[in-house]
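Bear in mind that the values in this text are calculations on the coordinates, not laboratory data. Since we're looking at a predicted model, the values are computed, not measured. Backbone-built Cβ (ideal geometry, glycine too); neighbour counts: all protein chains shown.
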Amino acid sequence: MAAANPELPDKLYFKIGEVAKIVGVKPYVLRYWETEFSVIRPGKTRSQHRLYRRRDVEALLEIKRLLHNERYTIEGAKRRLKTPVKAAVATPSEARPQLALPLGERTYRNALVRLRQDLQALYDLLR
């Protein structure tokens, strides 16, 4: 079986057997996941052998983590892959879905910095 955080060889393409060993599942599982997850799109040789790119292997490792370690369903893993969480969550109480910021993260960050400065100035006036 594969290690918890396997090192990927420095290659452009991987055969299905190599990917199965890296991910730690049987080749038929990889073929099934291809049908379920649209992010997995291996190329094919003239003889119809699958060739996985590095990003396919990374996606497969994430799918395995979601399904086996996090105990997501296939549908839940699909939703999670569509909206990835940027940072690791420290506690379960902080596990909330990320909201889309229509004006961009930088705009909100700058507004919060200005608000903090204004609140600090107000605090200094009241002291």
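Its Kirkwood hydrodynamic radius, worked out from the mean inverse distance over all distinct Cα pairs, puts region 13-86 at 12.5 Å. Net charge of the neighbourhood of GLN120, taken over other residues with C-beta under 13 Å away and scored Lys/Arg +1, Asp/Glu -1, is +1. For region 25-61, the residues whose amide N sits under 18 Å from a probe point set 7 Å from the Cα of ASP10 along the beta carbon direction are 54-55. Taking label points 7 Å from Cα along the Cα-to-Cβ direction, LYS26 and ASP118 give a separation of 6.2 nm.
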